[in-house]
Amino acid sequence: MGKLSPLQARKRRQRRIRGRVTGTADRPRLAVSRSNMRIYAQVIDDSRGHTVAAAASLEADLRGMTKAEAATEVGKRVAERAKAAGVDQVVFDRGGYKYHGRVKALADAARDAGLVF
């Protein structure tokens, strides 16, 4: 087997994480996905296959911010929307990305806004 491309390596890490991390009704999964330009966060109840809350940096008022600022704002918004839906605790799914930079900024902002993980 040859060397993995960065995308293949991330997909492998993502599958390994998803094998251990699942969201339930009491404690849904906070899944993070990022591209070069945007960052997305969803609070997912895997037992029902239902998205409880979501936020993304493509919302109109977040355009024009730096990527780190947008990630922080997305973290705040997804936490507020999850709390409005009655969710206080989540499990964090970093999606195979390093817990660093924008992913860490989103997680810290969600914690500061009141989500427990």
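Read-outs throughout are calculated quantities, based only on the coordinates presented, and are distinct from any laboratory measurement. Computed from a predicted structure; not experimentally measured. All Cβ positions, even for glycine, are placed from backbone atoms using ideal geometry, and neighbour counts span all protein chains on display.
Key figures for this structure:
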| read-out | value |
| --- | --- |
| Matching residues, region 71-89, being among the small types (Gly, Ala, Ser) and closer than 10 Å to residue 55 by Cβ | 75, 79, 82 |
| Odd one out for residue 63 among (1) of a type in the set (Lys, Arg); (2) within 13 Å of residue 33 (Cα to Cα); (3) free of Cβ contacts under 8 Å to residues at least 12 places away in the same chain | (2) |
| From the options 114, 86, residue that is farther than 23 Å from residue 12 by Cα and without any contact (Cβ under 8 Å) to a residue 12 or more places away in the chain | 86 |
